[in-house]
Amino acid sequence: VTEPLQLGLFGDSRRHVLNTPDYPEFRERLAAFDCRACGLWQGRTRLVVDRGNPGAGLLVVGEAPGEQEDLQGLAFVGRAGRLLDDLMASAGLDTRREMLITNVVKCRPPQNRVPSPEEARACLPFLRRQMELVRPSCVLLLGATAARHLFPLSVIGPLRDRVGTFFEDPDHPGVRFMLLYHPAYLLRDPRKKKDAWEHVLRFRDWWLSRGG
Ligand code: SF4
């Protein structure tokens with residue numbers, strides 16, 4: 001997510017989605033778009049754009065839609081999404097009103113596998129446009145996939161050292177990033193919940209200190 005999108009590089013139908021001046025229109029066009037830019041289109045029921053409030057200034061980026069997301073057309077509405085809701089609610093934050101939640105890829109990978117670098121690359125223009133339109137002051141990256149596809153290793157460094165800490169990127173002046181454990185990982189390894197909770201509180205304290 002570096003330079004502004006070069007819309008001339010895309011075909012007419014993708015450009016029609018990307019070249020949208022406001023977020024509600026973008027969301028509507030993307031949700032209705034029969035994108036086939038990578039192979040994930042073959043397994044999707046619905047393309048999943050997001051969930052939440054695009055005006056909140058806080059963007060949360062996960063990996064990919066799962067089964068429930070694919071069926072409902074909304075991001076993070078399955079078990080992992082409920083855990084994210086609970087974690088945020090315990091910290092006093094409402095995932096519907098106080099953040100916009102999306103994913104690196106917008107279609108469900110088969111058996112919920114990790115999206116390939118090619119699939120992530122094909123889908124990244126949509127996330128980049130989301131960031132341009134939403135102009136978040138903070139981006140929470142859920143898990144390694146989100147971090148790896150958004151930042152080169154030279155920026156983010158070893159992920160183990162990065163989780164739970166704020167960092168900035170010269171390509172996004174004024175935006176603070178934080179890498180958090182993906183809630184699906186916390187479901188697999190509940191021992192990490194204590195650390196995850198501390199990370200969420202660290203983010204919450206900073207976020208509220210600047211007015212939310
Ligand atoms: S994952 Fe993204 S690039 Fe691939 S088909 Fe779906 S919307 Fe298009």
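The values are calculated or read from the model by the stated rules, or taken from the named source; none is laboratory data. Since this is a predicted model, take the numbers as computed values, not measurements. Using ideal geometry, Cβ is built from the backbone for each residue, glycine included, and neighbour counts are taken over all protein chains shown.
Remarks
For every residue, the table says whether it meets (1) modelled with pLDDT of 95 or more; (2) of a type outside the set (S, T, N, Q); (3) under 14 Å from the mean Cα position of the chain (by Cα).
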site: ASP85; (1), (2), (3): yes, yes, no
site: SER90; (1), (2), (3): yes, no, no
site: ILE101; (1), (2), (3): yes, yes, yes
site: GLU119; (1), (2), (3): yes, yes, no
site: CYS138; (1), (2), (3): yes, yes, yes
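- Subset of segment 12-50 that is part of a loop (DSSP other than H, G, I, E, B) and β-branched (Val, Ile, Thr) - its residue that is farthest from the ligand (Cβ to nearest atom): THR20
- Per the listing ARG148, ARG160, the residue uniquely over 20 Å from ILE101 (Cβ atoms) and in a helix (DSSP H, G or I) is ARG160.
- Checking every residue in segment 56-74 against the condition of being more than 26 Å from MET178 (Cβ to Cβ), assigned to a loop (DSSP other than H, G, I, E, B) and either within 16 Å of the ligand (Cβ to nearest atom) or of a type outside the set (Ser, Thr, Tyr) (or both) gives at least one match.
- Residue within segment 180-198 that is surrounded by 20 or more Cβ atoms within 10 Å (Cβ to Cβ) and in contact with a strand residue (DSSP E or B) (Cβ under 6 Å, 6 or more places away or on another chain) present: yes
- When VAL163 is tested against (1) closer than 19 Å to SER90 by Cα; (2) surrounded by 15 or more Cβ atoms within 10 Å (Cβ to Cβ); (3) among the hydrophobic types (A, V, I, L, M, F, W, C), only condition (1) is not met.
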